[in-house]
Amino acid sequence: IAVSVSACNHHPAADKLQRLSNRDNPIWIVIFFNRMSLSNCHRYYSGEKKAPVLTIFIGGNHEASNHLQELPYGGWVAPNIYYLGYAGVVKYRGVRIGGISGIFKSHDYKRGHFECPPYNPQTVRSAYHVRNIEVFKLKQLKQPMDVFMSHDWPRSIYHYGNKKQLLKMKSFFRQEVESNTLGSPAASELLHHLKPKYWFSAHLHVKFAANNEELVPKATKFLALDKCLPHRDFLQIVDIDHDPNAPDCLEYDPEWIAVLKATNSLINVTHYAWNMPENNGLHARWDYSVSEEAIKEVLEELNHNLQIPCNFSVTTACYDPNKSQEHMQPVHIINPQTTEFCAQFVLTDINARIQQMKEDGLEHERNEDDLDSAGSAEEPSDYTADTSGLSVSVNPDEIILDEECEDEECADEGLSTCLVESSPDHPPDTSASFSGLSIISDSMTASSDDAVDSTNEEPEKSSESNQSAEEKSLGDRSLKRISSGNESGNGGTKKIKRRNQALYASKDEDEVE
């Protein structure tokens, strides 16, 4: 299986994957990081080409959001390429694979999935921001997880690997690493709840391995990879134990389907903030985990046939590079895969509900002031201290375009402009080894020396005081709908982009997409 932490309709490793697909291995997972290649993705969508191995992916912050939004519960974006949706869990040969799409931004975290084409400058970004309902659903799971994927890193994971080496390669991470604010607090919460065997991420354009020993005896092995470019560590093979008697096809996960059914009433398709139920005396129900009986009901509904149907269908005209293309705004599409899935399990089709709101004239006013997620006042957060997500770091080789470019666009665009190759001064990290790993380039290991030192480091003391103030503020607020957003104005003056002249004098390999 090729498991991608970003959309992967095409990648430079395709030939290598084709060769690997002929290997006589019971089961292995190829992990790589890449984004869509605009010059080739249409060939997979049209069926001209087919992914050489079954590929399961989550979205990041550089995807075709309008297309992925057609599949909020997951589905096929091309033959043999399966998207997990906003969040999802599937099985292959008995291996349980889950993931959450997007990146964390606190000012959108509690909103519903309200975005749809045509987008404005704010919603084109907020469309790929993680929402609390997806985290809440995943936290209802009780059965063991083998593999989990997130685009951005779980916050604090850098304390459990070779942090010194990481900061040599990415010195501009130092401030956030030392203040423990780099990464997603939502992903960190999921890491500690799900305790998967493996967790894979991307976003920061650097290879990094860690072993979260806090989760012992269920220690999680973490791996992030670099950009999919020559001379970069973007590919690694991991051997995974599997059930030889399990079907050789992609399957629904019955517990996840049961959770989707149980939480269906919590779906929010407005821009208003919405708190998830919690055990604070204000909710009649806060535990949406499912019973064995509910899981059995799902199995009976499916006649114990969990195979995910190969029902990919083209929903828009395929791109033809030989014909001139007119620039067209994306349109709101209701995907037949989602329609079929929702009908089968009696779930709310998010896009159909948004469309119905439009037709009924109930859609909230879509003006920039209302939807200015980039400049809106932030809602109180459930997380400690800084919940601004990824990050205030500035790459010395990248001059900021606007506020969000600091943490979203640059993290996947121009954040990494230099790679420290293995050398006597920067040796590869091989001080520990994990069983069950087939290695390409460096091993999926964490330096035990640095990991031990860094786990004893305490976050800034201000985090505790900020958290207590935040909790008090949350206690005073109603947990009904909360209006969010800056309704009095838009989000500030845009900055003018000026790139470092040195980038033109010497082309960096990051510019080759």
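Here is how the numbers come out for the structure above:
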| item | result |
| --- | --- |
| Whole-Hz ³J(HN,Hα) from phi, Karplus 6.51 cos²θ - 1.76 cosθ + 1.60, for the stretch 180-190, glycine and proline x | 6, 10, 7, x, 9, x, 5, 5, 5, 4, 5 |
| Residues whose placed amide H lies under 5 Å from that of residue 268, excluding near-sequence neighbours | 113 |
| Entries of 139/163; 137/163; 50/91; 168/227 with Cα pairs more than 24 Å apart | 139/163; 137/163 |
| Cα-derived Rg to Rh of the stretch 212-335, Kirkwood definition | 1.05 |
| Nonlocal amide H pairs with residue 282, under 5 Å, H built at 1.01 Å | none |
| Sequence-distant residues sharing a close amide H with residue 222 (under 5 Å, placed H) | 199, 210, 211, 212 |
| In Å, descending, principal axis extents of the Cα set of the stretch 130-197 | 38, 24, 17 |
| Relative packing of peptides 325-335, 161-171, 126-136, 306-316 - highest average C-beta neighbours within 10 Å first | 126-136, 161-171, 306-316, 325-335 |
| Estimated vicinal HN-Hα couplings, Hz - the stretch 96-103 in sequence order (Karplus 6.51, -1.76, 1.60; Gly, Pro = x) | 8, 10, x, x, 9, 8, x, 10 |
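Every number here is computed from the coordinates shown, using simple stated rules; none is lab data. All of these numbers come straight from a predicted model, not from anything done at the bench. Here Cβ is always computed from backbone atoms with ideal geometry, including for glycine, and neighbour counts include all displayed protein chains.
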